[in-house]
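Asker: Before I ask anything, let me first share the structure, which is written out below as structure tokens.
The values are calculated or read from the model by the stated rules, or taken from the named source; none is laboratory data. All figures in this text were calculated on a predicted structure; none of them were measured in a lab. Quick reminder, even Gly has a Cβ in these numbers, built from the backbone with ideal geometry, and neighbours come from all protein chains shown. Ligands, DNA and RNA are excluded from the accessible area calculation, which covers all protein heavy atoms including side chains. Shrake-Rupley method; radii C 1.70, N 1.55, O 1.52, S 1.80 Å.
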Amino acid sequence: MTVIISKPNKVLYDSPKSFRPIVLLNTLGKLIEKVIGERLQFLTTANNFIHLSQLEGLKFKSMTDAGVALTHIICSGWVKRFLKSTLVFDIAQFFPLLNYCLLTLILKKVRFNNHVISFFTNYLMDRKTNYFWNNLSSSMLDVNVDVGQGSVLSPILSALYLSLFLYILEKHLKISIFSCLLFLLLMIDSSSPKANHSILLTTTFSVVTMLCQICLKSLVL
């Protein structure tokens, strides 16, 4: 069941973005999701699959860690008399755009138990809901959103999804990169702002292209 709620303080309500769909789930289902999410966090941490630059949405990591790491990198550059430049990407519609086929392959890559992989294969496919708005209701409709925003499983599934992307970036691009759930932060250092700008321009094109290849799109902030 999905309830459509109007967002407050909007001038017009003639766009879907003026409304927020709230999915009402069975309480027992939420509890099961919580248990599975905790277990996935433990298993993922145990096999060191998560990229070290992912600093939010995971156990024992927070924005404080991101701030400390960022400060360390900047100060290290100052010692070498380098200038630092940063660029932040906001990954738009991150959770709804996760490709469940690729996510299933990543779960296999992490070597999760076959029962876990089978669960998520079914969990992310062939889902239906009906929508309620004021006194109106719809029939049962297909839901094409792969990972729901707000689910307790979203942080760990998104971290697994992005880890593959970050490992590829690390291999091909000689830059510092941090991932804070929905944001990617790139850091470049060189002896001049002009050189930084040139490197960031080339890197931005590569990052956006690679995000599109894994079914994501980005907004440069």
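Asker: Condition first: modelled with pLDDT of 75 or more, in a loop (DSSP other than H, G, I, E, B) and open to solvent by less than 60 Å² (accessible area, probe 1.4 Å). Now tell me which residues in region 46-57 satisfy that. If you could, list the steps in order and put the result at the bottom.
Answerer: Of the residues in region 46-57, the ones modelled with pLDDT of 75 or more are 46-54.
Narrowing the set further to residues that are in a loop (DSSP other than H, G, I, E, B) leaves 47-53.
Selection gives F49, I50, H51, S53.
Asker: Right, next: Quickly run through region 115-129 and pick out the residues that are surrounded by fewer than 11 Cβ atoms within 10 Å (Cβ to Cβ) and either touching an Asp or Glu at 6+ places or on another chain (Cβ under 9 Å) or at pLDDT 80 or above (or both). Can you show your working first?
Answerer: Of all residues in region 115-129, those surrounded by fewer than 11 Cβ atoms within 10 Å (Cβ to Cβ) come to 115, 122, 126, 128.
Listed by number, the residues that qualify are H115, D126, K128.
Asker: Right, here's the next one. Give all pairs with beta carbons closer than 7 Å in which a residue from region 111-124 that is without any contact (Cβ under 8 Å) to a residue 60 or more places away in the chain meets a residue that is assigned to a loop (DSSP other than H, G, I, E, B); count only pairs at least 6 apart in sequence or on separate chains.
Answerer: Correct list of pairs: L124/D146.
Asker: Among the hydrophobic types (A, V, I, L, M, F, W, C) and at pLDDT 80 or above: does that describe F132? Walk me through it before giving the result.
Answerer: Values: among the hydrophobic types (A, V, I, L, M, F, W, C): yes; at pLDDT 80 or above: yes.
So F132 passes the test.
Asker: Just to be sure I understand the filter: pairs with C-beta atoms under 6 Å, separated by 6 or more residues or on different chains, first member in region 21-35 and farther than 13 Å from T129 by Cα, second member in a loop (DSSP other than H, G, I, E, B). Which pairs pass?
Answerer: So the pair list comes out as E33/V152; E33/L153; K34/V152.
Asker: Same structure again: Can you tell me which residues in region 3-20 are touching a helix residue (DSSP H, G or I) at 6+ places or on another chain (Cβ under 8 Å) and either in contact (Cβ under 8 Å) with a residue 12 or more places away in the chain or not hydrophobic (A, V, I, L, M, F, W, C) (or both)?
Answerer: Of the residues in region 3-20, the ones touching a helix residue (DSSP H, G or I) at 6+ places or on another chain (Cβ under 8 Å) are 6-7, 10, 12.
Selection gives S6, K7, K10.
Asker: Quick one: in region 7-44, of everything that is of a type in the set (V, I, T) and assigned to a helix (DSSP H, G or I), which residue is nearest to V116 (Cα to Cα)? Before you say what the answer is, go through the steps one by one.
Answerer: First pass over region 7-44, keeping only residues of a type in the set (V, I, T): 11, 22-23, 27, 32, 35-36, 44.
Filter again for assigned to a helix (DSSP H, G or I), leaving 27, 32, 35-36, 44.
On the way: T27: 21, I32: 13, V35: 12, I36: 9, T44: 12 Å.
If we take residues in region 7-44 being of a type in the set (V, I, T) and assigned to a helix (DSSP H, G or I), then I36 is nearest to V116 (Cα to Cα).
Asker: Right, here's the next one. Working only within region 135-149, note down all residues that are modelled with pLDDT of 70 or more and either open to solvent by 70 Å² or more (accessible area, probe 1.4 Å) or of a type outside the set (S, T, Y) (or both). Explain how you work it out, then say what you get.
Answerer: In the first step, residues of region 135-149 are kept if they are modelled with pLDDT of 70 or more; the result is 135-143.
The answer is N135, L136, S137, S139, M140, L141, D142, V143.
Asker: Kindly indicate whether any position in region 25-32 is out of contact with any Lys or Arg (no Cβ under 7 Å at 6 or more places or on another chain) and either modelled with pLDDT of 80 or more or over 30 Å from L105 (Cα atoms) (or both).
Answerer: In the first step, residues of region 25-32 are kept if they are out of contact with any Lys or Arg (no Cβ under 7 Å at 6 or more places or on another chain); the result is 25-32.
Narrowing further to those that are either modelled with pLDDT of 80 or more or over 30 Å from L105 (Cα atoms) (or both): 31-32.
Yes, because at least one residue in region 25-32 is out of contact with any Lys or Arg (no Cβ under 7 Å at 6 or more places or on another chain) and either modelled with pLDDT of 80 or more or over 30 Å from L105 (Cα atoms) (or both).
Asker: Is it the case, given these coordinates, that I50 is touching a strand residue (DSSP E or B) at 6+ places or on another chain (Cβ under 6 Å) and in contact (Cβ under 8 Å) with a residue 12 or more places away in the chain? Steps first, answer last, please.
Answerer: Working: touching a strand residue (DSSP E or B) at 6+ places or on another chain (Cβ under 6 Å): no; in contact (Cβ under 8 Å) with a residue 12 or more places away in the chain: yes.
No, not satisfied.
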